[in-house]
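In what follows, a structure is listed as C-alpha cells, so that the remarks can point back to it.
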Amino acid sequence: MVARHGKPNRPLAGDDAMKENALSWMIGGPALTGGVNSSAEVFAKACARAGLYVFSNIEYHSNIMGRHISYRVRTSDTPVHSHVEQVDLLLALDSETLFGTPEYQDYQRHGGHLHRVAPDGVVILDAKAKIDHSAIERDDIHVVALAYDDLVRESVEELGVTYNARRHSVMRNMVPIGASCALLDFDINHVVSLVAEVLPAHRQDMVEMNRHVLLHAAEQARRAYAKEEFHVTLRPRPERNGHMLIKGVDAVGIAKIHAGCGFQTYYPIAPASDESVMLERQQTQYPIVVLQAEDEIASMNMAVGAAHAGVRAATSTAGPGFSLMAEGLGFASITEAAGPVVVLWQRGGPSTGLPTRQSQQDLRFALQPAHGEFPHIVVAPGDAREAARITHMAFNWGDRYQMPVVVLADKFIANSLVTLDDLGLDGLPIDRGEYWTLEMNGSEPYRRHRLTESGISPRAVFGTPGGQYVTTSDEHTERGRIDEQVENRMAQMEKRMQKLDLAAEEIPDEWQYEMVGPEDADVTIVGWGSTRGPITDALPVLQSEHGISANFLQIRLLRPFPASVVREKLNRARRVVLVEDNYMGQLGMLIAEQTGIKLERMALKYDGRPFSQDEVVEAVCEHSAADLGRLVLSHP
Amino acid sequence: MVVADTERLTAKTFGVEDSHPDWCGGCGDFGILSAVKQALAKLGRPPHEVAVISGIGCSGKIPHYINAYGLHTLHGRALNVATGVKLANQDLEVLVAGGDGDGYGIGAGYFVNSGRRNVNLAYLVHNNGVYGLTKGQAAPTMRRGQKTKGMAEAAIQESVNPIGLAIASGYTFIARGYAMAQPDLVDLIVRAVQHRGTALIDILQPCPIYNDLMTIDFFRGRDIGHNRTYRLADEGFDGRVHDPSNQDEIVAKQQAAIAKSFEWGDRIPIGVLYQLDAPTYEDELAGRLPELGTSSLLDLAAPGQDISRLQDAYR
C-alpha cells in the first residue's frame, strides 16, 4: 500500500500565462455566521449568468455553527465537472482557512488551504480577523487585506443611512465578491442584478447598499493589490448565458416531479434531506405529497404502500437511514411492489461516520440491502444531470419490473453546483408497466403473482374492480396466499429472480455503462458514480500534459450487472486503473465476482473528500510509471 | 370473478370461500373477523374499494380471509404501509389490523406518530396479552407481576396503557371492544370507519392456548358472578367532544377517557372512550393543493409533469 498525503500538487497548466475564464476560487470561514455559502453561491451564479461553465463544491463539518467551511468555485470556457487542488484566489474569513487549526495540525491532516494557493495567486483576508499575517511565509503569493466591517459601514453611511450592525453586517458577504471582481476584471453588475433578484420587494433599498459595498471592496482590493493585472480574468460569454446552475439534490427533485412521483417520504438526514425540502416547496404547485416520517422504516414502508396503491412513490436517504430501510426493501421485492425508488445519497460511514463528507462506501450494501435473496435494481449516476435522468428511468423500471430501484448517488453530486443546459428529461420514455383489468381474466380469480413467461405478472392497482387480492411478506402462491410447499416456493423464487434477467436484457446500454474517450487507449480508468466528474476532466489533461491516452469505463447499472460487456472491455484494455471513493475497492470486488477479472491497480480515497481532477491525473500517472497495486490518495 | 353488487352486500360478500383461517379453536380472531365482515357489509362499500392492511402475528393473517384488497405486511409496520395506501388513493376504505405486540411493542413508534397525523384509517388491535405465533411470550399489554402458564417467569416490565397512549398521541377516535361481544364490536367498527381521522379500537380477545389469565371465563366473570365487561354508554359515559373549538371540553374528555382506561379487574369498560372531529391529514394536504380535496394522488400524479418553470428557476 502506498499512502500519500500532505504534499502540494504540481502547478496547473499554463500558470505563467494569462488565463481567461479558467479560475479556481475558494472561500473559507466559519459555518453560519461567516456568510461563506452565500458568498460562494452568489459568485458562482454570477459566473454562470455571465455564460461561464461553473463547477462548485463545498466541504463542511457536521455542525450548526462555527466549524470550518470551504467552498470552491471553478470556472471555464469548456464544461467542468470537478475541482482542482490549486486555487488562484483564496478568500479567508478566518485564520483556520489559511493555517488550519492546532488540534488538527497534530494529525497533519488539516493544515488550512494556504498551501493550495497557486504561485502568483492572491489571498484576500479580513484585516480585522485574528490572522497572523507573518505566518503566511510565502513570498510567491500576494495578500490583500480588507477591513470588511469598516468597508460595509462606510458604504452604508455614504448613502446617508445610519449604520446598524444587525441590519447591515450581512453585506459582509459582498466584500470577497467585490474584491474578486476587481482582480478578475469582472463587472460587479453581474452580482448586483442577482442581489436584486434575491432580495424581496420590501428590501430593494438594500440593492444600492450592496452595490456600494461591492464597489468599495473592488476599489480597495485594486489599490491593495500591488500588481498591474491578476493572471486570471473573467470574460462574459453572452451567447451561453441561459444555462442552469444546479445541485444534484435539486436535479433529482425536479426529475421526480417530472416522472409523476406523487408520494415522497423522508426522515431528515445529511446530505439527503435537501432533496425532500426542495420537493416540499413544490407541494402547492404539483401533485406531490412529501411526508416527513418518524424514521426511515416508516418512510420506506409508506412508500411501499403507496406503490401498491398505484402511485409512483419514492424516498430519499443516506447510509444510516438506508440501514433502517432494509426490511421494507425486502418486503417491497417479495410482494412485487412497483418500486419504490430509493435515492441513496452516500456519505462517509460506518455508523454516523462522516455525516457531511463524501464516500462511495455503500455499493456492496446497496447490492444486498436486506436478508434473503430478492431482485432489485441498483443504478449509479455520475453527475447531477445523470442523476435526474436515471431517477426518471428508475420509476419506469420500478413499474415495469415491479421491484424497488436504488439510485446510488452521493454527497459530491448532492451538494455540488454545476452548469447545465437542461436536465435532459424531455423525450425520455414513460413506462408504467403491465396493468391487469377485469376483462383479462374472465371468470378466473385474479392471480397477482401469476407465473408468466417474462416473470412479470400484470398488476391490479388497489381499487381496480374485480381485482381484489391479498399479498404477503410470507412466501406465497400466485394468488398471494401464504404457502410453504416446495414446488411453489421454487416457482415463485425463480419468477422473481427471472425479472432481473429481463431487466438486464431490456435496459438500453446507455443506462448500463458508458465508455468515455477513445476506444483504444494506454490506460482504461474504471469507476462508478460521482468520480465521473474528476475522471472525465482528467482525460484531456492526461493526454495534453502527460502524453497518456486514457479512456473511462463508467459502470452505471450495478444490479443487474452488465458482466459480458465489462469483461469484454476489460479484456481489451491495456492497463486498467480502478478509481473509487472507498477503502475496499468495492466495484473491483463486484467486477471480480461478475467477470472473474481482478483489477490489481487501484486508486482509492477514503478520507471523506471527493477526488479532484488532479488526484485522478496523479493516480493514472503513477500507475502508468510503475506497478503500484493499491494507491491511496489524500490531499488535506 | 364478478364485481360485487353494492345493493346486496352481506357479510358473505366479504368472505373468501377457498381460504380458511388457521387460528386455534376458540381464538378471539374469529370473532373479530366475523365482526369486520359484518361491519363492511353495513358500511356499503364494494370489496374492491376496501383495503385491509395487517402486521405480522396470528391477527396479521386476517386479510387472507376477507374479500377485499389486502396486504399482509411486516411486524409493526402495518400503519406505515396503510398510510401510504390511503394517501395514494383516498377513495379506498382502509382498515388496519394487528396484534398488541405488533402495535404497542415493535410498532410503538408508528402507533404514536400515526396518532399525530390523523390519516383517515381505522386501526383494529387484537389485544390478547401474548405473542401467540411465537408461543406465548408476554406482549406489552401483559401486566407486571402476571404469569401465564406459558411464561417461564412473571412479567417484570410494566404494561403499556394503549388508551392513554392513544390519547397522548392525538388519536381522534378511541374505543375498546371485546372480540366475543359481537353486536357491540360490529357497531364500534362501523363507527371507527365512519369517523374522519385515525380511529383506534383496542379489542380484548382471549388466546385459548397461551393466555390462561384473559380467558372467556375471565371476561364472563364466572368467578365473581357478573360480566367483567360493561358498556360505557349504559352508564351515561359520553366520550365525544361536542364542541371541537372548546379546548376545555377536549381536555376534560381526554382526562375522563384516561381515567376510564385504568379500570380493570372486576369491571372493564367497553365502547367509545373518546371522539373528536378534527382536521385529517388529508384535509391539511388539500389546504396545500386544493385538487387533493376532490381527487386522489392516483389520478393527479401523472408522469410527464411540466417542469420548464422549475428548471428556469435555476437559470
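Taken together, the values in this text are just the output of simple stated rules run on the coordinates, not laboratory data. Predicted, not measured: the structure shown is a model, and the values here were computed from it. Cβ placement follows ideal geometry from the backbone for every residue including glycine, while neighbour counts extend to all protein chains displayed.
Tabulated values for the structure
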| item | result |
| --- | --- |
| Between 0 and 90°, nearest 10: helix A:613-625 axis offset from chain A longest Cα axis | 80 |
| Degrees, to the nearest 10: B:108-117 long Cα axis against longest axis of chain B | 50 |
| Footprinting exposure proxy for B:LEU40, A:LEU438 (fewest neighbouring C-beta atoms within 10 Å first) | A:LEU438, B:LEU40 |
| Sequence-distant residues sharing a close amide H with B:TYR123 (under 5 Å, placed H) | B:VAL96, B:ALA199, B:LEU200, B:ILE201 |
| Distance violations [Cα-Cα > 20 Å] among A:LYS45/A:LYS247; A:LYS19/A:LYS227; B:LYS12/B:LYS61; B:LYS42/B:LYS260 | B:LYS42/B:LYS260 |
| Fewest-first sequence of A:SER62, A:SER530, B:SER34, A:SER333 by Cβ atoms within 10 Å of each Cβ | A:SER62, B:SER34, A:SER333, A:SER530 |
| Virtual spin-label span in nm between A:MET497 and A:TYR435, 7 Å along Cα→Cβ | 3.3 |
| With Cα atoms, 0 to 90° folded angle of helix A:148-158 axis to chain A main axis | 70 |
| Relative contact order %, chain A, counting alpha carbon pairs below 8 Å whose residues are six or more apart | 13 |
| Ranking of A:HIS212, B:HIS72, A:HIS202 by count of other Cβ atoms within 10 Å, fewest first | A:HIS202, A:HIS212, B:HIS72 |
| Theoretical ellipticity at 222 nm over the protein assembly as shown - DSSP helices of four or more residues, -39500 (n - 2.57) apiece, nearest 500 | -10000 deg cm²/dmol |
